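Colleague: Before anything else, here's the structure in question.
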Amino acid sequence: MKIRTLSLLGLTLMACAEGEVDRDPPRGDGGPSLDASLDAEDARDDSALAPPRDDLNRPPRDVDLQDATLIDAWPAPRDQGAWPPRDAWIERDAQPERDARPPRDARPEEDARPRPDLAVETEDAAPALDAAPGCVYGGACDPILIEWLPFIDEGDTRGGEALIPNYDCAPNTDERGPEIHYQLDLDEPGQLSIAVEDAQGIDIDIHLLQGGRCLARADSEISARVEPGRYEIVADTWVNSAGEALAGPYTLRVGFAAVPSGACATEALDLRMFWGSCAAGVDCYEAGGERFLRTPATGPVVKEAHLVTVEDGFGAGWPSTSREGLAEHYARSQAATGYVMARAEAWAPAGEGGSEYGQGSTGAKLPLVAEAWYVNMYWRDRPAAGTRMIISNPANGRAVVAAAGYETGPGDNSMIGGVTEEIHDHLGTGHRGVLTLGFALDQDLPYGPIDCQ
């Protein structure tokens with residue numbers, strides 16, 4: 001229902017003219033539309049933009065249309081006099097059409113559709129235009145649409161439907177708790193990354209589906225190579241052995257990176273190392289009192305800490321602790337690379353060679369994208385900063401173009417090198433996982449995942 005507040009002067013004039021005031025006149029074709037406020041470049045034709053949930057932890061919107069939507073001049077009914085001037089009345093509870101929603105930061109706080117995290121009962125609520133009657137927003141029949149990437153959503157499964165007891169990719173895992181559904185349409189192949197975070201006592205698992213078939217599931221992170229098509233992401237509540245559904249609030253992050261294809265050829269190069277000896281199992285040899293590693297080399301690779309970038313806001317200084325400014329660094333890295341994961345590593349420790357927190361062996365701050373994909377070795381002759389290396393997992397064929405020359409180590413001669421947590425995550429490995437490291441012949445390749453041809 002629309003409630004209009006008329007000025008006393010306007011009411012008096014109308015009453016005098018007609019002897020009676022119609023408080024809810026019909027709206028003509030000339031009425032205002034929220035479409036006019038949308039930038040044509042941002043308007044979507046394919047589907048409605050799903051509104052964010054209004055859970056208790058979400059900050060207020062930047063723009064609140066609820067109490068301040070001025071109405072353009074509306075046409076008066078033919079049998080009545082002129083309406084009061086524009087500034088004499090305000091329309092409240094103005095609702096955008098579902099196929100013409102304003103940008104996310106300019107949506108009204110209220111929506112007529114039932115929400116999984118905020119049930120609103122009102123006799124005047126209009127049914128959703130693109131959902132079947134009885135559908136719950138975030139349910140299987142009315143999923144939340146992911147229309148921009150990277151995507152972040154603060155959700156809560158406690159108001160969701162509980163329709164899926166388990167998934168074919170993990171049939172013995174009890175997922176009878178309530179779930180929230182998301183829909184994602186991709187028009188190019190690439191690497192899809194999904195991460196979920198929840199609090200102690202809450203256990204929300206993530207599932208990637210296509211055509212009803214489960215492609216992958218995980219307790220916290222999924223990284224999958226995908227082709228163009230429609231995908232469904234389900235945040236589902238795990239049920240423990242006592243039959244308790246550990247439902248509650250969560251944060252879902254979704255990222256996508258188009259994976260370029262290219263030649264991953266590497267050159268045969270013997271690296272002079274700082275090692276005092278050659279460890280067994282490493283393709284190393286001694287000559288003239290020096291130790292050399294033959295590359296491409298395959299062996300254990302450690303997980304490295306983060307290095308400060310030129311965009312991290314420390315100016316000429318450095319972090320004062322191992323975690324100062326890390327949350328902001330994670331966000332910048334995710335935005336620049338499009339790679340979503342639950343980053344956890346701290347800044348590189350201070351004190352090594354007189355260094356500061358987050359400072360590499362060059363003493364300089366790194367470019368933002370290069371930092372996410374850097375690689376180091378215990379090379380005696382450090383390559384030029386930004387030199388491309390190909391890091392691959394021989395077990396699954398995945399590869400990354402990495403940035404070398406910013407850091408040196410590890411000193412353990414049984415480890416052939418170190419890479420970032422982003423590289424390990426994409427390659428499906430962890431600390432001390434076995435990888436192959438080699439110098440790329442093509443030094444113009446972009447940093448990040450690559451589909452080797």
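None of the figures in this text is laboratory data; all of them are computed from the coordinates on show. What you are looking at is a predicted structure, and each value in this text was computed from that prediction instead of being measured. Every residue, glycine as well, gets a Cβ built from its backbone with ideal geometry; the counts of neighbours run over all protein chains shown.
Colleague: Return the distance in nm (one decimal) between the two label points of a simple spin-label model at Glu328 and Ile152, each offset 7 Å from Cα along Cα→Cβ.
Modeller: Label at Glu328, label at Ile152, 1.4 nm between them.
Colleague: If you don't mind, another one. Order the peptides 440-447, 302-309 from the highest to the lowest mean number of other Cβ atoms within 10 Å of their residues. Can you show the working numbers first?
Modeller: Numbers: 440-447: 14.4, 302-309: 21.9.
Order by mean packing, descending: 302-309, 440-447.
Colleague: Would you please state which residues of segment 287-315 a label at Ala336 would reach in this model, taking the label point 7 Å out along Cα→Cβ and a backbone N cut-off of under 20 Å?
Modeller: Label zone hits: 304-315.
Colleague: Please give the peptides 197-208, 271-282 ranked by average Cβ packing (other Cβ atoms within 10 Å per residue), highest first, as a rough proxy for protection.
Modeller: Details: 197-208: 18.8, 271-282: 14.7.
In decreasing order of mean packing, 197-208, 271-282 become 197-208, 271-282.
Colleague: Could you tell me which chymotrypsin sites (Phe, Trp or Tyr not before Pro) in segment 135-234 are loop residues by DSSP with no more than 13 other beta carbons within 10 angstrom of their beta carbon? Before the final figure, lay out each step's value.
Modeller: Details: sites: Tyr137, Trp148, Phe151, Tyr167, Tyr182, Tyr231; in loops: Tyr137, Trp148.
The qualifying sites are Trp148.
Colleague: Now for a different question. Under a crude label model (7 Å from the Cα following the beta-carbon direction), how far is Arg230 from Asp412 in nanometres?
Modeller: For the pair Arg230/Asp412, the computed spacing is 4.8 nm.
Colleague: Can you tell me the length gained on complete extension of the stretch Arg176 to Glu290, counting 0.36 nm per residue apart and subtracting the Cα distance?
Modeller: 34.9 nm
Colleague: Which of the listed residues, Trp379, Cys264, Leu307, is farthest toward the dipole's positive end in segment 254-381, when Lys, Arg count +1 and Asp, Glu count -1 at the beta-carbon?
Modeller: Cys264
Colleague: Among the trypsin sites (Lys or Arg not before Pro) within segment 338-406, which fall in a DSSP loop and have no more than 16 other Cβ atoms within 10 Å of their own Cβ?
Modeller: Details: sites: Arg343, Lys365, Arg380, Arg388, Arg398; in loops: Arg343, Lys365, Arg380, Arg398.
Counting only loop positions with at most 16 other Cβ atoms within 10 Å, the trypsin sites (Lys or Arg not before Pro) in segment 338-406 are Arg380.
Colleague: So what's the Cα pair-distance distribution over segment 232-390, bin width 5 Å, in %?
Modeller: 1, 7, 12, 15, 14, 14, 12, 10, 6, 4, 3, 1, 0, 0
Colleague: Test of understanding: extend the Cα→C-beta vector of Glu267 to 7 Å, then name every residue of segment 371-394 with backbone N under 17 Å from that spot.
Modeller: 380-391, by backbone N distance to the label point.
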